[in-house]
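Notes to accompany the following structure.
Throughout, read-outs are computed from the coordinates displayed, never taken from laboratory work. Just so it is clear, the structure is predicted and the values come from calculations on it, not from any experiment. As a convention, Cβ positions derive from the backbone with ideal geometry for all residues, glycine included, and neighbour counts pool all protein chains shown.
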Amino acid sequence: MERYLIVITLGYIFGCLQWSYIIGKLLKKQDIRNLGGGNAGASNTVTVFGWKMGVAVGLLDILKAIISIIIIRYILKSTDMFELYLNGTSVVLGHNYPFFMGFKGGKGTASTVGMMLAINYKLGLLGILVIFLVTVLSDYIALGTMALVSFFVIATLYLGYGPQCLVLAIFLALLSAYKHLPNMKWILARKESGLRDALKRRAK
């Protein structure tokens with residue numbers, strides 16, 4: 001139990017490194033949560049501040065999950081796949097609900113990608129391909145994210161990582177669906193701004 005507490009706490013602390021908020025404050029003197037869709041994450045950073053800052057935030061959010069899981073795997077010497085999933089899930093929760101921001105954070109997409117890369121780099125690379133293709137074809141990051149988390153659940157089952165890991169993968173998929181519910185409603189109502197439109201506005 002004590003070991004699980006360390007795994008969860010470490011992941012949550014890394015997740016609370018809210019790079020969209022930090023970079024927005026440092027470089028733009030603005031709170032990303034008050035701009036665009038109100039989400040403190042890479043996708044909203046692209047919409048509000050442009051693709052360069054958005055990519056930087058996305059990479060940093062991916063990296064924090066990778067570093068956290070590396071610590072669990074190589075410093076704490078964990079060979080338990082459930083501990084890696086538990087740590088990665090905690091990173092996503094820290095990203096989505098950072099305590100120092102009143103538990104108002106992002107949606108956890110980039111952190112989920114980082115989790116997948118750290119657990120199994122082939123799984124992570126396939127996940128990146130899935131979200132990239134669906135986002136490009138649909139023009140909506142939200143749909144790409146839904147494809148990503150669905151793929152994660154299926155891959156966890158296929159790779160035989162066990163029922164505990166599968167439960168966490170399903171939890172992350174449901175959490176992502178909940179966080180993206182407003183986007184889905186806007187897409188159905190044809191009010192959601194597509195990625196191409198957002199990039200065009202920032203290019204002007």
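Just flag the trypsin sites (Lys or Arg not before Pro) in region 9-97 sitting in loop per DSSP whose Cβ has no more than 14 other Cβ atoms within 10 Å.
Numbers: sites: K25, K28, K29, R33, K52, K64, R73, K77; in loops: K29, K77.
Sparse-neighbourhood loop trypsin sites (Lys or Arg not before Pro): K29, K77.
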Practice prompt. Using the charge dipole of the chain (Lys, Arg: +1 at Cβ; Asp, Glu: -1 at Cβ; taken about the Cα centre), state which of L129, N87, S20 has its Cα farthest towards the positive end.
Written response: S20
Worksheet entry | Axial C-alpha extent at least 27 Å, average Kyte-Doolittle at least -0.5 - helices from the chain (DSSP) | 51-70
Discussion item. At a 10 Å Cβ-Cβ cut-off, how would you order S138, S68, S90, fewest neighbours first?
Written reply: S138, S90, S68
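How much length is gained if the chain between L181 and I70 is pulled fully straight, taking 0.36 nm per residue apart and subtracting their Cα-Cα distance, in nm to one decimal? Kindly include the intermediate steps, with their values, before the conclusion.
Details: separation 111, 0.36 × 111 = 39.96 nm, distance 3.17 nm.
Extra length available between L181 and I70 comes to 36.8 nm.
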Worksheet item: How much length is gained on full extension from F99 to K122, taking 0.36 nm per residue of separation minus their Cα-Cα distance?
Response: 5.0 nm
Fill in: Sum of side-chain charges, K77 neighbourhood, beta-carbon under 14 Å (Lys, Arg +1; Asp, Glu -1)
0
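Using Cα pairs closer than 8 Å and at least 6 residues apart in sequence, work out the relative contact order for region 2-203, in percent. List each step's numbers first, then the result.
On the way: 305 pairs, mean separation 42.6, N = 202.
Contact order relative to length: 21 percent.
Using the Cα centre of region 65-204 as the reference point, and only Cβ charges (+1 on K/R, -1 on D/E), how large is the resulting charge dipole? Debye, rounded to the nearest 20. Write down the numbers at each step before the final one.
Working: 14 positive and 5 negative charges, 135 e Å.
Charge dipole of region 65-204: 640 debye, to the nearest 20.
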Discussion item. Given points 7 Å out from each Cα along the Cα-Cβ axis, report the K28 to Q164 separation in nanometres with one decimal.
Written reply: 4.1
